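Working notes, beginning with the structure itself.
The values are calculated or read from the model by the stated rules, or taken from the named source; none is laboratory data. In this text, all values refer to a predicted model and were calculated from it rather than measured experimentally. Cβ: placed from backbone, ideal geometry, glycine included. Neighbour counts: every protein chain shown. These area figures cover heavy atoms from the full protein model, side chains too; ligands, DNA and RNA do not enter into them. Shrake-Rupley method; radii C 1.70, N 1.55, O 1.52, S 1.80 Å.
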Amino acid sequence: MPRGIKDKVAILGMGCAKFGERWDKDADQLMVEAFDEAIGDAGIDVSQLDAAWLSVAFDAVNIGPSGIPLATALRLPNVGVTKVENFCASGTEAFRGAVYAVASGAADIALALGVEKLKDTGYGGLPVRTRGTTYDMIGVSGSAPGNFAQLAAAYRSKHGVGKDDLKRAMAHVSVKSHANGARNPKAHLQKAVDMDTVLNAPMIAEPLGLFDCCGVSDGAACAIVTTPEIARSLGKQDIVTVKALQISTSNGWELQANGWDGSYFHTTRIAATKAYEEAGVTKPREQISLMEVHDCFSITELVTMEDLYISKEGEAWKDVLEGFFDADGKVPCQIDGGLKCFGHPIGASGLRMIYENYLQLLGRAGVRQRSTPPVLALSHNLGGSPIQNVSAVAIVGLADA
Amino acid sequence: MTSENGILAYGAYIPQRRLQRSAIYAANAWFAPGLRGLSAGEKAVASWDEDSITMAVEAARDCLTGLDRAAVSGVTLASTTLPFADRLNAGVVKEALNLADAVGASDQTGSLRAGTSALAQALAGQSGRLCLGADLRKARAASEAELQQGDAAGAILVGQGEVIAKFLGSYSATVDFVDHFRATGEPFDYTWESRWIRDEGYANLLGGAMAAGLAKLGVSGEAIDRALIPIPVRGVPESLARRCKIRPEAVADTLAACVGDSGTAHPLVMLAAALEAASPGEKILLVGFGQGADLLLFETTEALKRLPKRLGVAGHLARARKDANYMRFLFHRGILDMERGMRAEADEKQPGTALYRNRKAVLGLVGGRSKTTGTVQFPKTEISVSPNARAQGDQEDYPLAEKRARITTYTADSLSYSPDPPVYYGAIDFEGGGRLVAEFADCGPEDVEVGREMRMVFRVKAVDELRDFTKYFWKAVPVTSGEA
């Protein structure tokens with residue numbers, strides 16, 4: 001059994017650009033905007049960075065290949081920059097690179113930065129792209145809502161949930177996130193919505209209506225990480241450390257074999273189990289203070305509550321409707337507004353989630369600050385589709401927790 | 001009796017949608033009020049993802065129901081609407097049918113008579129040959145042809161052995177009678193006056209050929225039990241039959257009211273319909289017309305009763321769905337240039353190398369089965385997907401096209417570009433194992449639910465419009481009641 005990452009790495013500083021339709025900004029300007037906040041927060045000089053990881057998913061409408069765009073935008077001191085792409089989980093993947101570099105001792109201070117400029121496509125939703133030569137001949141390159149919508153039919157069928165009940169629970173997910181996003185100046189969408197608006201919105205991919213889908217936006221977020229010792233030596237008092245960092249990748253079992261029923265995320269269950277073990281969490285429903293999960297679609301967030309073992313299987317829809325995940329509920333989910341309100345600039349999202357958890361742990365979340373002081377905060381960052389994906393779970397917490 | 005030459009099996013394919021002629025007329029009456037006389041009934045229209053190749057594949061599969069495909073030693077695809085001018089269209093059909101490489105294949109074209117000519121040549125060839133006729137007909141908006149024509153495919157397997165209909169002989173005549181023509185690469189026919197075609201073409205040329213043919217075959221018109229005269233013009237088959245002393249009740253329905261004239265395919269579709277209705281011992285006269293005429297004479301046998309049940313013409317007619325959406329029809333035929341949005345701009349370039357390597361999987365829907373664990377999967381991979389045993393390099397070919405499947409997940413996607421939105425797709429699980437995320441065709445909201453039974457069809461996956469290359473793959477369609 002690996003010894004894990006718990007408390008070996010601290011977050012020294014974080015930054016997050018304003019997410020939205022940033023018509024007037026290029027990707028490099030968004031990177032600088034997020035980085036300025038993070039390096040100010042860290043209280044270090046750029047020359048102290050030993051290595052960097054850059055997460056970006058869509059080359060074609062973005063910065064192009066390699067780590068060079070990050071090195072150039074930030075004028076990094078010729079350190080190694082690794083570009084990572086792991087579908088929509090790319091942001092957490094960049095974080096993992098930086099955290100592992102520090103944990104190994106290869107770097108004292110490392111940077112993880114994610115950026116995506118999605119609003120240069122000319123249309124809503126994610127860009128259409130190839131999935132590889134073989135897949136393109138035999139696979140269905142459906143839209144993201146189309147791929148995730150399929151969870152609903154399988155979930156209903158497996159758990160005997162009525163169409164209307166599930167649709168209402170999904171709508172509650174979105175209403176809750178919009179209420180949270182309305183209090184976040186960095187969110188793309190800062191407007192509350194009501195149930196009727198969500199339930200009666202145009203259908204995008206049955207049963208997902210417009211408000212069941214997260215926004216599409218431009219954005220950037222970043223983290224500067226180091227060891228807890230260096231963080232203290234730099235004068236940091238309240239230290240947030242990484243408690244667990246797990247990524248699970250589909251190996252084709254869901255897609256090609258017959259065992260998976262389509263109603264859940266096989267990988268999330270594996271990543272969550274390993275993450276709780278790494279962090280020493282035995283009762284997640286009691287121990288996790290708050291969560292930022294990959295709510296690309298309302299149904300994704302709903303079933304993820306079960307895959308993270310917060311809700312019992314088949315009962316997340318009831319927890320949702322009872323307000324368990326609301327900002328004032330037992331375990332708030334998307335207290336910053338989530339992908340729903342931030343939109344999903346792919347490479348940045350995983351880091352944006354950790355950014356909110358970091359703020360909440362340090363009591364710096366302003367009007368959104370959770371009244372009960374949080375101790376352990378979980379982020380879940382998912383890439384791909386339910387049938388074939390990359391699922392990342394990161395738990396950060398107060399160093400002495 | 002054991003080595004007769006003749007027909008071994010028949011099959012048909014008729015697309016599901018039946019465009020109402022009244023809808024075509026209603027849209028065009030302001031411009032061409034004279035079309036009113038043709039505005040009754042409906043015509044079969046192929047969907048955007050069908051062409052002469054895919055329809056031929058479906059007719060062929062219907063024809064081969066319950067038969068050993070090793071009986072097929074050659075394939076002929078007759079059509080005047082072949083997707084490729086230089087790529088063996090019948091070769092694509094061969095791959096889709098997962099036939100052995102050691103079969104012959106050829107395309108036959110150039111005239112609406114190509115279907116009957118292919119059949120006559122195959123019967124003369126004394127070998128097991130699958131004769132296919134398919135046409136996806138394209139006519140200008142507000143033309144008579146638009147109302148008269150329909151899309152379909154027919155399939156006749158000929159050979160020796162226990163034939164369901166003995167081949168009694170054929171007669172052909174060739175005359176350069178240009179009732180209509182279409183230059184290479186042009187989209188539409190140019191057609192001469194219908195009165196001249198009726199008098200000179202049907203009455204004199206075809207009528208004369210029928211009389212000469214019957215004489216050559218040594219059979220009197222009275223002896224014919226079913227006369228298949230694929231001229232879907234009111235009164236013409238009846239009048240031709242009268243001249244040849246064929247009994248009026250022997251004249252077969254031309255399917256003009258419910259299918260329309262499917263061109264090259266039509267004689268074969270009518271032959272399939274006749275065989276599925278016939279009793280043993282009936283004489284069937286099949287006629288083809290186009291720059292001359294073909295006559296073929298058959299006599300059904302007792303073996304007809306033993307042919308495994310198939311969808312056939314009747315089964316396809318039963319699964320018809322009425323359609324009044326003329327705009328969609330025009331769009332699917334490429335006649336109406338609609339705003340498709342940026343999502344339609346994706347580059348569909350197909351690497352020829354990859355298609356060749358994977359042709360069995362892509363065109364034949366052949367997966368793999370681990371000899372060690374029995375795990376079925378699509379496509380084959382070096383290491384089996386089975387989580388229970390790490391079996392490597394042990395998969396044998398496992399064809400999935402004829403397996404039924406059930407829906408595990410689904411959606412109706414309104415965001416992805418599709419010429420026929422919303423596009424339905426989802427994961428399906430095959431009987432006996434194997435899973436595929438497939439597009440669903442011929443599908444509406446009432447057809448999808450977890451557990452719903454589906455079957456596979458060969459369709460156009462996408463078209464590379466930059467390089468004019470059609471990409472084919474398999475889709476799932478709901479099994480309708482009546483399809484056992």
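Each row is one residue, and each column tells you yes or no for (1) in a strand (DSSP E or B); (2) closer than 16 Å to A:A223 by Cα.
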site	(1), (2)
A:R352	no, yes
A:N357	no, yes
A:S371	no, no
A:G383	yes, no
A:N389	yes, no
A:D400	no, no
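Checking B:D429 against (1) more than 8 Å from chain A (Cβ to nearest Cβ); (2) closer than 22 Å to A:A152 by Cα; (3) part of a strand (DSSP E or B), which single condition isn't satisfied?
Failed condition: (1).
Check B:P422, B:P399, B:P379 and return the single one that is closer than 24 Å to A:P145 by Cβ and surrounded by fewer than 23 Cβ atoms within 10 Å (Cβ to Cβ).
B:P422
Pull out all pairs, ordered by first then second residue, where Cβ-Cβ is under 7 Å, the residues are six or more apart or on different chains, the first lies in the stretch A:366-383 and is over 21 Å from A:T304 (Cβ atoms), and the second is open to solvent by less than 50 Å² (accessible area, probe 1.4 Å) and modelled with pLDDT under 95.
none
I'd like the full set of residues that are in contact (Cβ under 8 Å) with a residue 24 or more places away in the chain and within 8 Å of chain B (Cβ to nearest Cβ), limited to the stretch A:153-163.
A:A153, A:A154, A:S157
Quick check, is B:L8 surrounded by fewer than 19 Cβ atoms within 10 Å (Cβ to Cβ) and within 30 Å of B:Q160 (Cα to Cα)?
Considered against the rule, which asks whether it is surrounded by fewer than 19 Cβ atoms within 10 Å (Cβ to Cβ) and within 30 Å of B:Q160 (Cα to Cα), B:L8 comes out as no.
Out of all the residues in the stretch B:413-422, is one or more under 29 Å from B:K349 (Cβ atoms), touching a Phe, Trp or Tyr at 6+ places or on another chain (Cβ under 7 Å) and among the hydroxyl-bearing types (S, T, Y)?
Taking every residue of the stretch B:413-422 in turn, none turns out to be under 29 Å from B:K349 (Cβ atoms), touching a Phe, Trp or Tyr at 6+ places or on another chain (Cβ under 7 Å) and among the hydroxyl-bearing types (S, T, Y).
May I ask you to say which residue of A:G347, A:G329 is out of contact with any Phe, Trp or Tyr (no Cβ under 9 Å at 6 or more places or on another chain) and over 14 Å from A:D295 (Cα atoms)?
A:G329
Failed condition for A:A231, given (1) over 20 Å from A:T92 (Cα atoms); (2) open to solvent by less than 40 Å² (accessible area, probe 1.4 Å); (3) among the hydrophobic types (A, V, I, L, M, F, W, C); (4) within 14 Å of another protein chain (Cβ to nearest Cβ), with all others met?
With respect to (1) over 20 Å from A:T92 (Cα atoms); (2) open to solvent by less than 40 Å² (accessible area, probe 1.4 Å); (3) among the hydrophobic types (A, V, I, L, M, F, W, C); (4) within 14 Å of another protein chain (Cβ to nearest Cβ), A:A231 is out only on (4).
For every residue, the table says whether it meets (1) basic (K, R); (2) surrounded by 16 or more Cβ atoms within 10 Å (Cβ to Cβ); (3) within 17 Å of B:F289 (Cβ to Cβ).
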position: B:F167; (1), (2), (3): no, yes, no
position: B:V175; (1), (2), (3): no, no, yes
position: B:P187; (1), (2), (3): no, no, no
position: B:L206; (1), (2), (3): no, yes, yes
position: B:P230; (1), (2), (3): no, yes, yes
position: B:P237; (1), (2), (3): no, yes, yes
position: B:P248; (1), (2), (3): no, no, no
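For B:R129, indicate whether it is basic (K, R) and in contact with a strand residue (DSSP E or B) (Cβ under 9 Å, 6 or more places away or on another chain).
yes
Do we find a residue being assigned to a loop (DSSP other than H, G, I, E, B) and basic (K, R) anywhere in the stretch B:405-413?
Looking through the stretch B:405-413, none of the residues is assigned to a loop (DSSP other than H, G, I, E, B) and basic (K, R).
Determine whether B:S386 is more than 29 Å from the chain's Cα centre (by Cα), open to solvent by less than 20 Å² (accessible area, probe 1.4 Å) and either modelled with pLDDT under 95 or within 11 Å of chain A (Cβ to nearest Cβ) (or both).
yes
When the stretch B:360-376 is examined, which residues are found to be open to solvent by 40 Å² or more (accessible area, probe 1.4 Å) and either facing another protein chain (nearest Cβ under 10 Å) or within 33 Å of the chain's Cα centre (by Cα) (or both)?
B:K360, B:R369
When only residues in the stretch B:455-473 that are part of a strand (DSSP E or B) and away from every other protein chain (no Cβ under 14 Å) count, which is most open to solvent (accessible area, probe 1.4 Å)?
B:R455
Of all the helices (runs of 4 or more DSSP H) wholly in the stretch A:81-188, which have at least 1 residues that are closer than 21 Å to A:C296 by Cβ and open to solvent by less than 30 Å² (accessible area, probe 1.4 Å)?
Of the helices (runs of 4 or more DSSP H) lying wholly inside the stretch A:81-188, those with at least 1 residues that are closer than 21 Å to A:C296 by Cβ and open to solvent by less than 30 Å² (accessible area, probe 1.4 Å) span A:90-104, A:144-159, A:163-181.
What number of residues within the stretch B:327-348 are in contact with a strand residue (DSSP E or B) (Cβ under 7 Å, 6 or more places away or on another chain) and more than 9 Å from chain A (Cβ to nearest Cβ)?
Qualifying residue count for the region: 1.
Would you check which residues across the stretch B:389-420 are without any contact (Cβ under 8 Å) to a residue 12 or more places away in the chain and away from chain A (no Cβ under 11 Å) and list them?
B:R390, B:Q392, B:G393
Could you list, in sequence order, all residues of the stretch B:11-30 that are open to solvent by 20 Å² or more (accessible area, probe 1.4 Å), among the polar types (S, T, N, Q) and not in a helix (DSSP H, G or I)?
B:Q20
Within the stretch B:165-173, does at least one residue satisfy the condition of being assigned by TED's automatic domain parsing to the domain that holds B:L64, within 30 Å of B:S47 (Cα to Cα) and either in contact with a helix residue (DSSP H, G or I) (Cβ under 9 Å, 6 or more places away or on another chain) or aliphatic (A, V, I, L, M) (or both)?
Checked against the condition, which is being assigned by TED's automatic domain parsing to the domain that holds B:L64, within 30 Å of B:S47 (Cα to Cα) and either in contact with a helix residue (DSSP H, G or I) (Cβ under 9 Å, 6 or more places away or on another chain) or aliphatic (A, V, I, L, M) (or both), the stretch B:165-173 yields no hits at all.
Applying the selection to the stretch B:438-454, what residues are of a type outside the set (D, E) and either touching a Phe, Trp or Tyr at 6+ places or on another chain (Cβ under 7 Å) or open to solvent by less than 20 Å² (accessible area, probe 1.4 Å) (or both)?
If the condition is that a residue be of a type outside the set (D, E) and either touching a Phe, Trp or Tyr at 6+ places or on another chain (Cβ under 7 Å) or open to solvent by less than 20 Å² (accessible area, probe 1.4 Å) (or both), then B:A438, B:F440, B:A441, B:C443, B:G444, B:V448, B:M454 are the ones that fit.
Has the stretch B:249-265 got any residue that is assigned by TED's automatic domain parsing to the domain that holds B:V158, over 21 Å from B:H316 (Cβ atoms) and not charged (D, E, K, R)?
yes
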